[in-house]
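The values are calculated or read from the model by the stated rules, or taken from the named source; none is laboratory data. It should be emphasised that the depicted structure is a prediction, and the values quoted were computed from it without experimental measurement. Glycine gets a Cβ as well: all are built from the backbone with ideal geometry, and neighbour counts include every protein chain shown. Just the protein is used for accessible areas: all its heavy atoms, side chains included, with ligands, DNA and RNA removed. Shrake-Rupley method; radii C 1.70, N 1.55, O 1.52, S 1.80 Å.
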Amino acid sequence: MFRGKPEPSGRVFVKICGITNESDALAAVEAGADALGFNLVPRSKRYIDIDAARQWIDKLPREICKVAVVADPDWEDACRIGQLEFIDALQLHGSESPEFCRRLADAAIPFAKAVPVTGSKSLADLPNYFTDTMILDSSGGGGTFGGSGKPFSWKFAPEFVRHHRKIAVILAGGLTSQNVAEAVNLVRPRGVDVTTGVEEFPGKKDHRLVKAFVQAAHLADRKSA
């Protein structure tokens, strides 16, 4: 899962996404997050200039996985970002093709592929994206997905998880400290990913919500073990 970083032992993997500043990053680390996501999609309200943020990202603990979220990058940008020393993996959050993913895998650039879940058919017969990490997220409509703050119907996810045991499935979309336990117990994902559910407003985290989310995810995992 996010190759190059060890998985947490005996508990669900927690990623806090949409980090835009050092204070929020350190709060997430202190709360027990395993990974942080940085949004490099220019149209996003949570966009950051990864080169400008390098100084504080590079100071974060090495054991924390740093993930660059991109959507339909060109090949040169994907390679440049994926090869940054302070970034551990890419998260492809667009309509990237299997061939594009295969090229990344051949180039030994770690990445996860996110897919929007609109119903059972959206998870049936997915192509091979040449990664061991998939993120199931909510559809935002209009060809976009992620960051909506609304969950998809989780009933479609457990079967996908059961039938793809070699893939680390990360559940995203509308998760909060109030519903993450139910989601973990139903879907049994290897990890959970949250953005909107721990924010004061887009781009600014509520540190109390971050802590509550991590605690709820880990407690749910212990109860289901």
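Tell me whether the range 162-175 contains one or more residues that are open to solvent by less than 50 Å² (accessible area, probe 1.4 Å) and farther than 24 Å from Lys211 by Cα. Yes, the range 162-175 contains at least one residue that is open to solvent by less than 50 Å² (accessible area, probe 1.4 Å) and farther than 24 Å from Lys211 by Cα.
If only residues of the range 81-99 that are open to solvent by 30 Å² or more (accessible area, probe 1.4 Å) and assigned to a helix (DSSP H, G or I) are counted, the one that is farthest from Trp154 (Cα to Cα) is Glu99. Of the residues making up the range 135-145, at least one is aromatic (Phe, Trp, Tyr), in contact with a Pro (Cβ under 7 Å, 6 or more places away or on another chain) and buried (at least 16 other Cβ atoms within 10 Å of the Cβ). The residues of the range 176-207 that are open to solvent by 10 Å² or more (accessible area, probe 1.4 Å) and without any contact (Cβ under 8 Å) to a residue 40 or more places away in the chain, listed by number, are Thr176, Ser177, Gln178, Asn179, Glu182, Asn185, Leu186, Arg188, Glu200, Phe201, Asp206.
Matching residues to (1) basic (Lys, Arg); (2) out of contact with any strand residue (DSSP E or B) (no Cβ under 8 Å at 6 or more places or on another chain); (3) at pLDDT 95 or above; (4) surrounded by fewer than 18 Cβ atoms within 10 Å (Cβ to Cβ):
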{"residue": "Gly18", "(1), (2), (3), (4)": "no, no, yes, no"}
{"residue": "Glu30", "(1), (2), (3), (4)": "no, yes, yes, yes"}
{"residue": "Ala33", "(1), (2), (3), (4)": "no, no, yes, no"}
{"residue": "Leu36", "(1), (2), (3), (4)": "no, no, yes, no"}
{"residue": "Tyr47", "(1), (2), (3), (4)": "no, no, yes, yes"}
{"residue": "Ile50", "(1), (2), (3), (4)": "no, no, yes, no"}
{"residue": "Ala78", "(1), (2), (3), (4)": "no, no, yes, no"}
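Screening Asp72 on (1) in contact with a Phe, Trp or Tyr (Cβ under 7 Å, 6 or more places away or on another chain); (2) part of a loop (DSSP other than H, G, I, E, B) shows it passes everything except condition (1).
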